[in-house]
Amino acid sequence: MPIEPTVTVLAGPTAVGKGTVSTYIRDHYPQVWLSVSATTRAPRPGEVDGVHYFFVSDAEFDAMVTDHALLEWAIVHNSHRYGTPKHKVDEALAQGRSVLLEIDLQGAREIKRTLPSAQFVFLAPPSWDEMVARLVGRGTETPEQQRARLETAKVELAAQPEFDHTVINDRVERAAAELVELMGLPAQVRD
Ligand code: 5GP
């Protein structure tokens, strides 16, 4: 029997490794359709437009909001806007693909209102100390930005009970496999 395509939302505190898990899934699990978000932030080194994000201007993002072209959107870390292009998700579902959205908590709550049939998965750190170490070790944020992100993370950790499932990001490969299984998809890896 074909698997009923579903929408799964992966959220969790900042710096828990959502990006690493979703990148691993994109590279190893072609059976998962990973949504590519639109963002107004600038690309980081190595990020490719249309693969990691659709990098758009403020005016382009405004137009998407006005046209109701986003399934959800949010201002993340009080700076840039991020949103999920709706028609791409609809197209993937129409093709029978199971969809994964890697978004922030505000976005997850928005999806809970607009698409309550979605499955909500919280990615949790093995420990608080581990999460701090990852954020500092990443080296992509200034100390001021790191402090702001940790403040956000504290609040975000408290949201865990709102989710259907929690996956502990102890090892990226294991966490990714657990997530794919929760999506009801075969969890064999493509190397
Ligand atoms: P980064 O700038 O580090 O790639 O992502 C920052 C945050 O934005 C992450 O927590 C990520 O989950 C979130 N994010 C990425 N895309 C979207 C989106 O389409 N909607 C929402 N609400 N958050 C997103």
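The values are calculated or read from the model by the stated rules, or taken from the named source; none is laboratory data. On a predicted model such as this, the values are computed, not experimentally measured, just so you know. FYI the Cβ positions are ideal-geometry reconstructions off the backbone, even for glycines, and counts take in every protein chain you see.
Miscellaneous remarks
Listed here are the residues, each with its yes/no results for (1) in contact with a Cys (Cβ under 6 Å, 6 or more places away or on another chain); (2) part of a helix (DSSP H, G or I); (3) of a type outside the set (S, T, N, Q).
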{"site": "ALA74", "(1), (2), (3)": "no, no, yes"}
{"site": "GLU91", "(1), (2), (3)": "no, yes, yes"}
{"site": "GLY107", "(1), (2), (3)": "no, yes, yes"}
{"site": "VAL121", "(1), (2), (3)": "no, no, yes"}
{"site": "ARG134", "(1), (2), (3)": "no, yes, yes"}
{"site": "VAL155", "(1), (2), (3)": "no, yes, yes"}
{"site": "THR166", "(1), (2), (3)": "no, no, no"}
{"site": "ALA175", "(1), (2), (3)": "no, yes, yes"}
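- Filtered residues of segment 1-42 (kept if in a helix (DSSP H, G or I) and touching a helix residue (DSSP H, G or I) at 6+ places or on another chain (Cβ under 9 Å)): THR20, VAL21, SER22, THR23, TYR24, ILE25, HIS28
- Inside segment 126-156, residues that are under 16 Å from the mean Cα position of the chain (by Cα) and either under 27 Å from SER98 (Cβ atoms) or exposed (fewer than 13 other Cβ atoms within 10 Å of the Cβ) (or both) make up a count of 1.
- Only a single item in (1) loosely packed, with under 15 Cβ neighbours inside 10 Å; (2) more than 9 Å from the ligand (Cβ to nearest atom); (3) within 18 Å of ALA11 (Cα to Cα) is not met by HIS80, and it is number (2).
Yes/no matrix, rows are residues, columns are (1) out of contact with any strand residue (DSSP E or B) (no Cβ under 7 Å at 6 or more places or on another chain); (2) modelled with pLDDT under 95; (3) not polar (S, T, N, Q):
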{"site": "VAL99", "(1), (2), (3)": "no, no, yes"}
{"site": "ASP104", "(1), (2), (3)": "no, yes, yes"}
{"site": "ARG109", "(1), (2), (3)": "yes, no, yes"}
{"site": "GLN119", "(1), (2), (3)": "no, no, no"}
{"site": "PRO126", "(1), (2), (3)": "no, yes, yes"}
{"site": "MET131", "(1), (2), (3)": "yes, yes, yes"}
{"site": "ARG134", "(1), (2), (3)": "yes, yes, yes"}
{"site": "GLY139", "(1), (2), (3)": "yes, yes, yes"}
{"site": "THR142", "(1), (2), (3)": "yes, yes, no"}
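- Any hit, segment 43-61, residues being within 13 Å of the ligand (Cβ to nearest atom) and part of a helix (DSSP H, G or I): yes
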